[in-house]
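Here is the structure we will look at, set down as structure tokens.
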Amino acid sequence: MRCPNCKSDTFVEINMTLGEKEVAFRRCGRCETQKWESEDKDVDLSSVLKFAKNLAV
Ligand SMILES: [Zn+2]
């Protein structure tokens, strides 16, 4: 997988499930671009934390 920012192939993806949400975290080892996605849409970190918070309720 290539980084959309610097085209480096050090882009890694980590998939996890938070409650009912499939969430993918992507990070570049070179330029440190970080990105969260859920259901093929970009999400920001606060949304991810909200998914995680729902688990605890
Ligand atoms: Zn990069």
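Scan region 36-57 for residues that are in a strand (DSSP E or B) and touching a residue at least 12 places away in the same chain (Cβ under 8 Å) and jot them down.
The first filter runs over region 36-57 and keeps only residues in a strand (DSSP E or B), leaving 36-38, 41-43.
Answer for region 36-57, where residues must be in a strand (DSSP E or B) and touching a residue at least 12 places away in the same chain (Cβ under 8 Å): Trp36, Glu37, Ser38, Val43.
Just name the residue that is farthest from the ligand (Cβ to nearest atom) out of those in the chain that are charged (D, E, K, R) and on the phi > 0 side of the Ramachandran plot. Checking each candidate, the answer is Glu39. Counting only residues that are surrounded by 15 or more Cβ atoms within 10 Å (Cβ to Cβ) and free of Cβ contacts under 8 Å to residues at least 24 places away in the same chain, region 14-26 holds 2 of them. Just one of the numbered conditions (1) in a loop (DSSP other than H, G, I, E, B); (2) exposed (fewer than 11 other Cβ atoms within 10 Å of the Cβ) is not true of Cys31: (2).
Since every read-out is calculated from the coordinates, none of them should be taken as a lab result. Note that the structure is a prediction, hence the values are computed from the model and not measured. Note: ideal-geometry Cβ built from the backbone for every residue, glycine included; neighbour counts use all protein chains shown.
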